[in-house]
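Bear in mind these aren't lab numbers, they're just calculated from the coordinates by the rules spelled out. None of these values were measured; they are calculated from a predicted model. Note that each Cβ is placed from the backbone with ideal geometry, even for glycine, and that neighbours are counted across all protein chains shown.
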Amino acid sequence: MKVGADVLAALRAAGDGFVSGERLAELSGLTRAAVWKKIEELRSRGYLIDARTHLGYRLRGAPDTPYPEEVREGLSASVFGREVFYLPSVTSTNEVAKKLAAEGCPEGTLVAAEEQTAGRGRLGRRWVSPPGGLWFSLVLRPGLALTDLGLLTVAAAVALRRAVQAAAGVQAEIKWPNDLLVNGRKIAGILAEASGELGCAVQVILGVGVNINQRTEDFSEELRERATSLRAVLGRPAPRLPVLRAFLSSFEELYAGIGRNRCETVLAEAAAHSATLGRRVRVTAGGRVFEGLALRLDPDGALVLGNDEGEARILTGEVERLDGQA
Ligand code: BTN
């Protein structure tokens, strides 16, 4: 461990071993009193730290909270999530991310919150975001045509599906364009808010909400019918950080592919795990209603419906299955 490391990194590097207060002071460049203060501060944030006379300190556990240090720990993405802002309570992480983006924060900056008091869903809906869920936004500067934004959100849904499977072993389906469903109930949603010039998406705030630790009874009666959480599916609490890190890694890879016009993986995975394709659906888009069989996704992520009148291409919209399912 190099001198200049912070106290948490020094404790981590020691693994199961103890590190003396003196050594921590030496490594961090702090006084012994400042090291002690730092230990107390870490404990107040949920870190479990043992203290033993003559031996020093040992890290026994880290919180499952998207603090910058925790998001970065073991993260294989190299751009997404390198800059992290964690807020205990916020109106909407999309709102904060938008402000940071306007101030010129780097691409891949992540804003995560414990709870949102005015969480936003698609189509102006409210997104209920109590403590224990995973609520975050990512700042992107994709330089895509605004008409290709659909593909970006489909890619995010594919990455999130992979993350939920890898981190929690739960198989979700993708309801076009970007909801994740488990057993027909919504477990996650994505809200991409773009701003651009001359038909080009200069900046996108990609907001992701995953229901992780709500119990079934925590959902309002109205939501209970339509929503679920990892905890409700697994029958036990689920950690959030592995889902977040897995998403960041997968999405970074898929996002780079989209920029190079390589979207086959996204389209193939979105189709293979679709809750929409092959079903008879009604889609409401821009005040119009389309009905038909969901045939395929076009290369830009648009949904193609087939009916007696031919085919209709829909860039984004709200899908309702006509067989009574979600
Ligand atoms: C939807 O399915 O309607 C989209 C839901 C998106 C919710 C997330 S939570 C983090 C980010 N901040 C928000 O206000 N909304 C998104």
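Here are the numbers for this structure:
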| item | result |
| --- | --- |
| Evaluation of Pro177 against (1) away from the ligand (no atom under 14 Å from the Cβ); (2) buried (at least 24 other Cβ atoms within 10 Å of the Cβ) (one fails), failing number | (1) |
| Residue that is surrounded by the most Cβ atoms within 10 Å (Cβ to Cβ), among those in region 1-57 that are of a type in the set (Gly, Ala, Ser) and touching a Lys or Arg at 6+ places or on another chain (Cβ under 6 Å) | Ala25 |
| Condition check for Gln165: of a type outside the set (A, V, I, L, M), free of Cβ contacts under 8 Å to residues at least 40 places away in the same chain and away from the ligand (no atom under 13 Å from the Cβ) | yes |
| Val79, sole failed condition from (1) touching a Lys or Arg at 6+ places or on another chain (Cβ under 6 Å); (2) in contact (Cβ under 8 Å) with a residue 60 or more places away in the chain | (1) |
| Lone unmet requirement of (1) under 23 Å from Ser129 (Cβ atoms); (2) in contact with a helix residue (DSSP H, G or I) (Cβ under 6 Å, 6 or more places away or on another chain); (3) of a type outside the set (D, E, K, R) for Ser28 | (1) |
| Subset of region 219-240 [away from the ligand (no atom under 16 Å from the Cβ) and either buried (at least 20 other Cβ atoms within 10 Å of the Cβ) or within 29 Å of Leu75 (Cβ to Cβ) (or both)] | Arg231, Ala232, Val233, Leu234, Gly235, Arg236, Pro237, Ala238, Pro239 |
| All positions within region 109-154 that are closer than 26 Å to Asp64 by Cβ, aliphatic (A, V, I, L, M) and within 13 Å of the ligand (Cβ to nearest atom) | Leu110, Val111, Ala112, Ala113, Ala118, Val128, Leu134, Leu138, Val139 |
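Conditions (1) of a type outside the set (Ser, Thr, Tyr); (2) part of a loop (DSSP other than H, G, I, E, B); (3) surrounded by 14 or more Cβ atoms within 10 Å (Cβ to Cβ), marked per residue:
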| site | (1), (2), (3) |
| --- | --- |
| Gly278 | yes, yes, no |
| Thr284 | no, no, yes |
| Arg296 | yes, no, yes |
| Asp300 | yes, yes, yes |
| Leu305 | yes, no, yes |
| Val319 | yes, no, yes |
| Asp323 | yes, yes, no |
